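The values are calculated or read from the model by the stated rules, or taken from the named source; none is laboratory data. Everything numeric here is computed off the predicted structure, so don't read it as measured data. Glycine also receives a Cβ, built like all others from the backbone with ideal geometry; neighbour counts cover every protein chain displayed. When the accessible area is computed, the model is the full protein with side chains, heavy atoms only, and any ligands, DNA or RNA have been set aside. Shrake-Rupley method; radii C 1.70, N 1.55, O 1.52, S 1.80 Å.
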Amino acid sequence: MMTLFFITGNKGKILEAKTKFSDLNIDIIQKDLGYPEIQTDSLENVALFGAEYVQKKLDQPFILEDAGLFIDALDGFPGVYSAYVFYKIGCSGILTLLDGLNDNKRKATFKSVYVYGESGKKPMFFIGECSGIISKKTLGEHGFGYDPIFIPDGEIRTFAQMETEEKNLFSHRGKSLEKLKDFIKNI
Ligand code: IMP
């Protein structure tokens, strides 16, 4: 069985990855190593810097992921600052920023960038996106982060109203994980 370390403090991400990889002979182990998140305008740069940092500390295969919510009406905000903004103003703060806007002005995209790293090798990227709208109120109990206010295209429920398997079918991280899975199957 292959052991793969997932460098994250986020148990929701671990659950999603374990669910996705449940049919593979792979043991995903959470390692909350912590890595600096640089200020930059792209998730790829944040993830790459993090991966190069981890490569120096860990001599085994690992993955890490950086994600963000890009809201059209706010010119892509909070984007790479999604974690900080969530911590500061949460879902309710985002709803306030969009107050009074109709559904056609509430478009947003989640983006997920996974990186696979191994010491001495160039990190590999796996990217997924999911478009949708920001709901007008928080709905649902599942998931984490902005899940209670994000409705993916083609749905009327928020991510927080779906079970993990169902969210994985739509989500940015479901798509990037699928690409990562294809890669890992062939290692
Ligand atoms: P990070 O990738 O851990 O830096 O996440 C960025 C921010 O986006 C965090 O505040 C997360 O809660 C939020 N976020 C990332 N992915 C998701 C998701 O699938 N659903 C809801 N919020 C998310």
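Taking the range 170-187, which residues are away from the ligand (no atom under 13 Å from the Cβ) and in a helix (DSSP H, G or I)?
If the condition is that a residue be away from the ligand (no atom under 13 Å from the Cβ) and in a helix (DSSP H, G or I), then Glu178, Lys179, Leu180, Lys181, Asp182, Phe183, Ile184, Lys185 are the ones that fit.
Of a type outside the set (A, V, I, L, M, F, W, C) and over 30 Å from Asp59 (Cβ atoms): does that describe Ser131?
Spelling it out, Ser131 is indeed of a type outside the set (A, V, I, L, M, F, W, C) and over 30 Å from Asp59 (Cβ atoms).
Would you check which residues across the range 102-158 are acidic (Asp, Glu), open to solvent by less than 70 Å² (accessible area, probe 1.4 Å) and more than 13 Å from the ligand (Cβ to nearest atom) and list them?
Glu118, Glu155
Could you tell me how many of the residues in the range 80-97 are among the small types (Gly, Ala, Ser) and open to solvent by less than 20 Å² (accessible area, probe 1.4 Å)?
Number satisfying all stated conditions: 3.
State the number of residues belonging to the range 34-60 that are open to solvent by 40 Å² or more (accessible area, probe 1.4 Å) and either among the hydroxyl-bearing types (Ser, Thr, Tyr) or within 23 Å of Lys111 (Cβ to Cβ) (or both).
Of the residues in the range 34-60, 12 are open to solvent by 40 Å² or more (accessible area, probe 1.4 Å) and either among the hydroxyl-bearing types (Ser, Thr, Tyr) or within 23 Å of Lys111 (Cβ to Cβ) (or both).
Out of the range 5-19, which residues are open to solvent by less than 30 Å² (accessible area, probe 1.4 Å) and either touching a Cys at 6+ places or on another chain (Cβ under 9 Å) or in contact (Cβ under 8 Å) with a residue 60 or more places away in the chain (or both)?
Result: Gly12, Lys13, Glu16, Ala17.
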